[in-house]
Amino acid sequence: MSAAKSKSGDFLLAVEGLTVSFDGFKAVDDLSFYLDPKEIRVIIGPNGAGKTTVLDLICGKTKATSGSIKFDGKELTKLKEHQIVHSGVGRKFQTPSVFEDLTVFENLEVSYPKGHSVMGALGFKRDAEVINAVEEVAETIFLTEALNEPAASLSHGQKQWLEIGMLLIQKPDLLMLDEPVAGMSVTERKKTAELLRVITRDHTVLVIEHDMQFVGDIADRVTVMHQGKVLSEGSIEHVKSDPKVIEVYLGH
Amino acid sequence: MFDGYTSSELMSIFAMQGFAGLSLFSVFVLMALGLAIIFGQMGVINMAHGEFMILGAYTTYLTSGFFQSYLPSLFGGYFFVAMVLAFLICAALGAFVEWLMIRRLYHRPLDTLLATWGLSLIMQQAYRSIFGAREVGVDLPEWMMGAIQVTDLVELPINGLFVMIIALSIAVGVYFLMYRSGYGKKVRAVVQNRPMAEAVGINSAGIDRATFALGCGIAGVAGAAFTMIGSTGPSSGQAYIVDTFLVVVFGGAQSLIGTIVSAFGISQAQSTMEFFLSGSMAKVLTLLVVVGILMLRPEGLMALKVRR
Amino acid sequence: MKSSSPLKWFATREGLYFVALAVLLVVLLPLALDPFRLNMVGKYLTYAFVAIGLVMCWGKAGILSLGQGVFFGLGGYCMAMFLKLEASTPEATAIQSTPGIPDFMDWNQLTELPWFWEPFHSFSFTLLAVIGVPVLLAFVIGFAMFTRRVGGVYFAIITQAIAAILTILIIGQQGYTGGVNGITDLQTLNGWDIRTDEARTILYFVCVGMLFLCLFVARLVQNRKLGRILVAMNAQENRVRFSGYDVAAFKIFVFCLAAAFAGVGGAMFTLIVGFMSPSFIGIVASIEMVIFCALGGRLSILGAVYGALLVNAAKSGFSESFPELWPFAMGALFIGVVLAFPNGLAGLYQTYVMPLEDKIFKRNKGAQLEAKPAEKAAEPKPTAEKTPDYDPMIDSYSPEKS
Ligand SMILES: Nc1ncnc2c1ncn2[C@@H]1O[C@H](COP(=O)(O)OP(=O)(O)OP(=O)(O)O)[C@@H](O)[C@H]1O
Ligand SMILES: [Mg+2]
């Protein structure tokens, strides 16, 4: 909501010394990285590197053992999940999670950032403003035709888009997407890349992805994680030619 | 509440009530073990657990009657026969119940709770129809009567001691089964990652049935032991069920040691307070403290951290 | 999703189901039953309040409370305390060693009214407490549990333990609570004798009125976005949370709502039955309340009313003729509903009766208004409150999801 306010050169997201340990096992270990406003950052790394856990930490699903996450001047580690959402961070999960019994329209409506308190939800009305916002987002995510269908009837790829749409309608400053093209067909993949390009015009995006070609398509910068730490960071070419990265990730 | 007692008086009060609490401790451990195995493995709470225990108690009652009439010379050993029978009968019924309803209710733990509550109503009424509403007791074999004099103030009844030994040996047995046997390894695999366990060829449905039957069988043994320290009525099992749930939850659902520690703590707290307050207030206070702590620390005393 | 004109609503399918229930409760039963039986029905209806609360709390939001009897009892005891004080005037209790306090206090050697009884001299305070005390307790429990993400089986067990605690406490503290006998011998409400046939009939109608009030509140909640969030939360708590909702607040709200309904039901119970005792609030009573809701259909507020009526009527019937069979029937009911009919009678109605209705309506649109309630009210059939323009999530429960 207020990302535009941060001066250029200021970071939108600053993760510093982030550590989480599960019964002694450090899934994320003294991790630091910084996102500029409007940047597209891709996190890659082998399975179990701790990528999903980083997103969990940022959105509050997992509590950090130590370290700080500063977003737009606010310390996220102290906030509850819904407060983090309200401060402008949206998160898409690795497996599509939409409300299967609701229609596409209702899925988007539920995510519309109004009436989020108990009393607000009691008084919420579907007015023209809501309908407009829903239709606008539906067009972006290629689901205008399917607005009145139950989400359960969508294809896997469409569900992924719907979930992205549910984030977009909240007008977040930072969008975090966990493997958005996993399990998609080639055409869906292309469309998703296109969708991401539209989104990145006015959002900062943090993506986890394995598909290197897709990464090359969209990323401004790439962070490679391994065993909870940053292994390498920089442009896609830089990362691809980094011998450490080839050794643990790309090599096999 | 300690007004008017000298410290040495307090010491002996604590000692006395402590031993009294050990009977309660045994019952808690015996009941909680079966419940905890099932809950830990399947996330299912068996509301009919107390009734399975009572089934074991009635089995013991019948066995003792049989020995009295037909094998009086062997009466001293009837308890061990009864214990085995109680285990087998309860485990068989448990397996049947699992097949009939529990397996259809996975992923619906709340519904399982209601269904097993229905089962408990039916079992209770069946006992009432078969054995009558009055409580029945068994005759103790001779060697179990009497008490051991520890000091001139403190004496331990042998039956209470015996039941505690049974409770602890079953706990040790369960420990070996769960942590030192192939079956236990499979159980833990299923608990931690069901799809993965299935993928490596573990028959998780079979494990579930075996676990449920085992839990019920242990309840049966608990019932057999229960007859040694109290009499049995159709609804005796229900009297303990809430306490036992709290013991299990308070201990941390998957922790055997936690269960025993919490059984010990709760039984001791209750019996000690009983001396100073009325019985009902002691119970209210104990339950309130346990519920209060659970509200602050819902994962129980000793809990595994698992990804949800 | 209210229709523009309130009158039109009565002609919708949902409206007609409400009308049918109203006809049954306001016209048919009072005409068909003598005052004694009608009073019994009134008693059953007080349980319907609890069942409606459970639909919202358990059916929709997936929070199973096995301690609803606690809230029912608190509401009931608040009312009973007021009535008892009114019955314990110094004149009426002149033979006691301390006149002017309730008889059971005198028997228990109390010489003074305990402080927490004092405010119950006031009727307005009592009315406030009937809702306020249960809601306050629900809030404390809900706040402690839901902000720590305790739910499911744990929550059920803890609420059950709370029911146990309250029962033992009430029984143990005879002097303050009347003990196991409860608070009995209630006579007048602000001078009006509640024991006459006429008063009981009036109270029955008051109860029906309150019931409809609760039904409309519940309907309002379920039809708003709030209701949709509750259901969504049940299926996908995390998605709701990361859509920016404070899940704990919603759970606390619905738990308090259910407690408020139960409190009102309990107060009506005291008025209609004429006494309150711990046996109505303990573990067994509390879990029975869940079956009222489950039988009616855990997602249907109207179904809950029929469920409460049917189970209680069956219970009375059985205990008059075959008391020893009732536990078997009750046990079978628990198992059967859960295993075979998770959507209860409302679910059956929706699958088997509603298609028939559709056929009839298509052929005979004009007669819709009169034909419907008459046909419906002839026997207490369960209904689901589904209309074609209903949100699909309001009425379908698929076991696999929860
Ligand atoms: N709550 C938790 N409790 C215990 N261990 C956890 C928890 N969350 C994550 N882990 C562990 O942390 C490690 C990192 O997991 P994470 O899901 O972040 O990896 P990832 O990089 O997203 O892998 P993938 O590419 O397979 O998605 C894993 O070994 C995982 O088992
Ligand atoms: Mg991942």
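For C:F72, the shell of other residues with beta-carbons less than 15 Å away shows a net charge of 0, using +1 for Lys and Arg and -1 for Asp and Glu. In the protein assembly as shown, a dipole from Cβ-located charges (positive for Lys and Arg, negative for Asp and Glu) runs towards its positive end, and of C:W115, C:A259, B:G223 it is C:A259 whose Cα lies farthest in that direction.
From the residues C:V19, C:Q236, C:M289, which one has its Cα farthest along the dipole of region C:10-304 in the positive direction, the dipole being from +1 and -1 charges on Cβ of Lys/Arg and Asp/Glu about the Cα centre? Result: C:Q236.
To the nearest ten degrees, helix C:123-146 and the longest principal axis of the Cα atoms of chain C are 60 degrees apart. In this simple spin-label approximation, B:L156 and C:L28 carry label points 7 Å from Cα along the Cα→Cβ vector, and these lie 6.9 nm apart.
Relative to the Cα centre, the charge distribution of the protein assembly as shown, modelled as +1 at Lys and Arg Cβ and -1 at Asp and Glu Cβ, gives a dipole magnitude of about 1720 debye. Simple spin-label model, 7 Å along Cα-to-Cβ: C:I202 to B:A126 in nm? If labels sit at C:I202 and B:A126, their model points lie 5.2 nm apart. Scanning residues 5 or more positions from A:M176 or on other chains, those with amide H under 5 Å from its amide H are A:G90, A:R91, A:K92, A:L206, with H placed 1.01 Å from N in the peptide plane.
Taking each residue of C:156-163 in turn, how many C-beta atoms of other protein chains fall within 10 Å of its C-beta, and what is the average? Numbers along the way, then the final one.
Values: counts 7, 12, 8, 1, 6, 10, 4, 1.
Across C:156-163, the average partner-chain Cβ count within 10 Å equals 6.
Computed from Cα positions, the angle between helix C:152-172 and the longest principal axis of chain C comes to roughly 20 degrees.
What helices in chain B pass both tests, a Cα length along the helix axis of 27 Å or more and a mean Kyte hydropathy of -1.0 or higher, using whole DSSP H runs?
Values: long enough: B:7-42 (48 Å, 1.59); B:49-70 (32 Å, 0.24); B:78-100 (32 Å, 2.21); B:109-131 (32 Å, 0.61); B:158-180 (31 Å, 1.86); B:204-229 (38 Å, 1.23); B:256-276 (31 Å, 0.97).
Within chain B the helices that satisfy the rule are B:7-42, B:49-70, B:78-100, B:109-131, B:158-180, B:204-229, B:256-276.
For region C:206-262 versus region A:190-226, the inter-centroid distance based on Cα atoms is 39 Å. When the accessible areas of C alone and B alone are added and the area of the pair subtracted, with a 1.4 Å probe, the result is around 3600 Å², both sides summed.
So which trypsin sites (Lys or Arg not before Pro) in region A:140-215 pass both tests, a DSSP loop state and at most 10 other Cβ atoms within 10 Å of the Cβ? Provide the component values of the computation, followed by the final result.
Values: sites: A:K159, A:R189, A:K190, A:K191, A:R197, A:R201; in loops: A:R201.
Within region A:140-215, the qualifying trypsin sites (Lys or Arg not before Pro) (loop, at most 10 other Cβ atoms within 10 Å) are A:R201.
Measuring between alpha carbons in the structure, the pairs from A:K171/A:K191; C:K43/C:K225; A:K38/C:K225; A:K51/A:K80; A:K38/A:K240; A:K26/C:K60 lying more than 28 angstrom apart are C:K43/C:K225; A:K38/C:K225; A:K26/C:K60.
Inter-chain Cβ neighbour count for C:219-229, averaged per residue, equals 5 (cutoff 10 Å, partner chain atoms only). Backbone N atoms of region A:118-139 closer than 15 Å to the 7 Å Cα→Cβ label point of A:E194 belong to residues A:139. Ordering B:A213, B:F264, B:Q238 by Cα displacement along the dipole of region B:176-308 toward the positive end leaves B:A213 in first place; charges were set at the Cβ atoms of Lys, Arg (+1) and Asp, Glu (-1). To the nearest ten degrees, helix C:247-273 and the longest principal axis of the Cα atoms of chain C are 60 degrees apart.
Here's the list of aspartates and glutamates a cross-link from A:K125 could span, going by alpha-carbon distance under 12 Å and ignoring same-chain residues fewer than 8 apart: A:E109. Taking 16 Å as the straight-line reach from the Cα of B:K283, the aspartates and glutamates in range (excluding those fewer than 8 positions away in the same chain) are B:D243, B:E274. Stokes-Einstein, applied to the Kirkwood radius of chain C over Cα pairs at a viscosity of 1.567 mPa s and 4 °C, places its translational diffusion at 59 µm² s⁻¹.
Label zone (A:A182, point 7 Å along Cα-to-C-beta; backbone nitrogen cut-off 13 Å) within region A:205-232: A:208-211. Between B:L177 and C:K362, the simple spin-label model (points 7 angstrom out along Cα→Cβ) gives 5.9 nm.
Could you compute Rg(Cα) / (2.2 N^0.38 Å) for the protein assembly as shown, with N its residue count? Please list the in-between numbers first.
Values: Rg = 31.3 Å, N = 962, 2.2 N^0.38 = 29.9 Å.
In units of the globular-protein estimate, the protein assembly as shown measures up at 1.05.
The values are calculated or read from the model by the stated rules, or taken from the named source; none is laboratory data. None of these values were measured; they are calculated from a predicted model. Here the Cβ is made from the backbone with ideal geometry for all residues, glycine too, and neighbour counts use every protein chain on show. Heads up: the accessible areas ignore ligands, DNA and RNA and are worked out on the full protein's heavy atoms, side chains in. Shrake-Rupley method; radii C 1.70, N 1.55, O 1.52, S 1.80 Å.
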